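The values are calculated or read from the model by the stated rules, or taken from the named source; none is laboratory data. Just so it is clear, the model here is predicted, and its values are computed rather than measured. Cβ placement follows ideal geometry from the backbone for every residue including glycine, while neighbour counts extend to all protein chains displayed.
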Amino acid sequence: MPVVSLERLRDMLEVSDGFVTFSVEGETDKDGVPFLHLHVGGSLQLRCQRCLAPVNYPLELSNRLRLVRPGEVWPDEALQDDSFDAIDAVGAVDVLMLIEEEILLGLPPYPHHEYCLLPQKGLGGVGDQSPFSVLADLNVPRH
Ligand SMILES: [Zn+2]
(Lines give C-alpha, C1' and ligand atoms only; values in the text may rest on other atoms or scores of the structure.)
Protein backbone atom coordinates (compact mmCIF):
# COMPACT_ATOMS: atom_id res chain seq x y z
CA MET A 1 0.00 0.00 0.00
CA PRO A 2 1.52 3.39 -0.92
CA VAL A 3 2.22 5.52 2.16
CA VAL A 4 0.71 8.53 0.40
CA SER A 5 -2.73 6.86 0.47
CA LEU A 6 -2.79 6.86 4.28
CA GLU A 7 -4.06 10.35 4.91
CA ARG A 8 -3.78 10.54 8.67
CA LEU A 9 -0.31 9.01 8.67
CA ARG A 10 0.84 11.24 5.81
CA ASP A 11 0.39 14.31 7.99
CA MET A 12 2.95 12.95 10.44
CA LEU A 13 5.65 12.33 7.84
CA GLU A 14 8.41 14.45 6.40
CA VAL A 15 8.43 12.49 3.14
CA SER A 16 5.44 10.37 2.19
CA ASP A 17 6.83 8.22 -0.60
CA GLY A 18 7.43 4.49 -0.30
CA PHE A 19 5.20 1.62 0.65
CA VAL A 20 3.88 -0.12 3.72
CA THR A 21 3.39 -3.86 3.55
CA PHE A 22 0.89 -5.64 5.74
CA SER A 23 -0.77 -8.97 6.32
CA VAL A 24 -3.91 -9.85 8.24
CA GLU A 25 -4.72 -13.39 9.35
CA GLY A 26 -7.81 -14.63 11.11
CA GLU A 27 -7.74 -17.28 13.80
CA THR A 28 -10.02 -18.79 16.39
CA ASP A 29 -8.46 -20.06 19.58
CA LYS A 30 -9.37 -23.34 21.28
CA ASP A 31 -12.43 -21.73 22.92
CA GLY A 32 -13.70 -20.47 19.56
CA VAL A 33 -12.71 -16.88 20.27
CA PRO A 34 -11.91 -15.00 17.04
CA PHE A 35 -8.66 -13.05 16.68
CA LEU A 36 -6.95 -11.10 13.94
CA HIS A 37 -3.18 -11.08 13.61
CA LEU A 38 -1.76 -7.96 11.99
CA HIS A 39 1.77 -7.56 10.69
CA VAL A 40 2.99 -4.27 9.25
CA GLY A 41 6.38 -3.55 7.72
CA GLY A 42 8.17 -0.87 5.71
CA SER A 43 10.05 2.28 6.48
CA LEU A 44 8.78 5.79 7.11
CA GLN A 45 10.47 9.17 6.90
CA LEU A 46 9.52 10.98 10.09
CA ARG A 47 10.56 14.53 10.95
CA CYS A 48 13.46 14.73 13.38
CA GLN A 49 12.28 16.76 16.38
CA ARG A 50 15.75 18.22 16.90
CA CYS A 51 16.92 19.24 13.41
CA LEU A 52 13.64 18.88 11.42
CA ALA A 53 15.32 16.80 8.70
CA PRO A 54 13.83 13.44 7.67
CA VAL A 55 14.74 10.54 9.90
CA ASN A 56 14.28 6.97 8.75
CA TYR A 57 11.97 4.92 10.92
CA PRO A 58 11.85 1.18 10.25
CA LEU A 59 8.30 -0.02 10.67
CA GLU A 60 7.90 -3.49 12.13
CA LEU A 61 4.70 -4.10 14.04
CA SER A 62 2.61 -7.04 14.90
CA ASN A 63 -0.51 -7.07 17.00
CA ARG A 64 -3.29 -9.42 17.95
CA LEU A 65 -6.82 -8.12 17.96
CA ARG A 66 -9.66 -9.85 19.75
CA LEU A 67 -12.86 -9.54 17.70
CA VAL A 68 -15.84 -8.75 19.88
CA ARG A 69 -19.06 -10.00 18.29
CA PRO A 70 -22.14 -7.75 18.22
CA GLY A 71 -23.98 -8.05 21.52
CA GLU A 72 -21.04 -9.70 23.23
CA VAL A 73 -19.78 -8.11 26.44
CA TRP A 74 -16.27 -6.67 26.09
CA PRO A 75 -13.88 -9.05 27.77
CA ASP A 76 -12.22 -7.81 30.95
CA GLU A 77 -8.94 -9.35 29.90
CA ALA A 78 -8.76 -6.96 26.93
CA LEU A 79 -8.25 -4.15 29.41
CA GLN A 80 -5.79 -6.02 31.60
CA ASP A 81 -3.89 -8.16 29.13
CA ASP A 82 -1.33 -6.19 27.10
CA SER A 83 -0.79 -8.99 24.59
CA PHE A 84 -3.85 -8.03 22.57
CA ASP A 85 -6.41 -5.28 21.98
CA ALA A 86 -10.10 -5.72 21.29
CA ILE A 87 -12.19 -4.30 18.49
CA ASP A 88 -15.88 -4.48 17.61
CA ALA A 89 -16.56 -6.94 14.81
CA VAL A 90 -19.32 -5.05 13.04
CA GLY A 91 -19.93 -6.25 9.49
CA ALA A 92 -16.90 -5.63 7.30
CA VAL A 93 -13.79 -4.44 9.09
CA ASP A 94 -11.97 -1.61 7.29
CA VAL A 95 -8.57 -3.22 7.11
CA LEU A 96 -6.70 -0.16 5.82
CA MET A 97 -8.09 1.96 8.63
CA LEU A 98 -7.08 -0.70 11.10
CA ILE A 99 -3.54 -0.84 9.72
CA GLU A 100 -3.22 2.94 9.75
CA GLU A 101 -4.47 3.05 13.33
CA GLU A 102 -1.86 0.49 14.37
CA ILE A 103 0.92 2.45 12.69
CA LEU A 104 -0.19 5.71 14.32
CA LEU A 105 -0.34 4.10 17.76
CA GLY A 106 3.15 2.70 17.30
CA LEU A 107 4.89 5.89 16.18
CA PRO A 108 7.54 7.24 18.54
CA PRO A 109 6.37 10.42 20.34
CA TYR A 110 9.73 12.11 19.81
CA PRO A 111 11.42 10.87 16.63
CA HIS A 112 15.03 12.03 16.28
CA HIS A 113 18.36 11.07 14.75
CA GLU A 114 20.85 9.40 16.99
CA TYR A 115 23.30 12.05 15.81
CA CYS A 116 21.88 15.07 14.01
CA LEU A 117 23.88 16.64 11.21
CA LEU A 118 24.52 20.11 12.54
CA PRO A 119 24.54 23.06 10.13
CA GLN A 120 28.12 23.65 9.01
CA LYS A 121 30.10 26.77 9.65
CA GLY A 122 31.09 28.96 6.70
CA LEU A 123 28.22 28.01 4.43
CA GLY A 124 26.04 30.93 5.45
CA GLY A 125 23.70 28.70 7.42
CA VAL A 126 22.51 29.20 10.94
CA GLY A 127 25.78 27.61 12.03
CA ASP A 128 27.52 30.95 11.48
CA GLN A 129 25.55 32.45 14.26
CA SER A 130 26.12 31.54 17.85
CA PRO A 131 23.02 29.86 19.24
CA PHE A 132 23.41 32.22 22.19
CA SER A 133 23.47 35.42 20.14
CA VAL A 134 19.71 35.68 20.45
CA LEU A 135 20.20 36.10 24.19
CA ALA A 136 22.02 39.38 23.57
CA ASP A 137 18.74 40.88 22.38
CA LEU A 138 16.92 39.93 25.52
CA ASN A 139 16.82 42.57 28.17
CA VAL A 140 17.36 40.37 31.16
CA PRO A 141 17.70 42.22 34.47
CA ARG A 142 20.92 41.27 36.22
CA HIS A 143 21.67 41.20 39.92
ZN1 LIG B 1 18.06 15.31 13.52
(request) Counting only residues that are surrounded by fewer than 16 Cβ atoms within 10 Å (Cβ to Cβ), at pLDDT below 90 and out of contact with any His (no Cβ under 7 Å at 6 or more places or on another chain), give me the strands (runs of 3 or more DSSP E) lying completely in the stretch 1-87 with at least 1 of them. (result) 13-15, 34-47
(request) Could you please give the count of residues in the stretch 18-42 that are under 14 Å from Leu59 (Cα atoms) and charged (D, E, K, R)? (result) 0
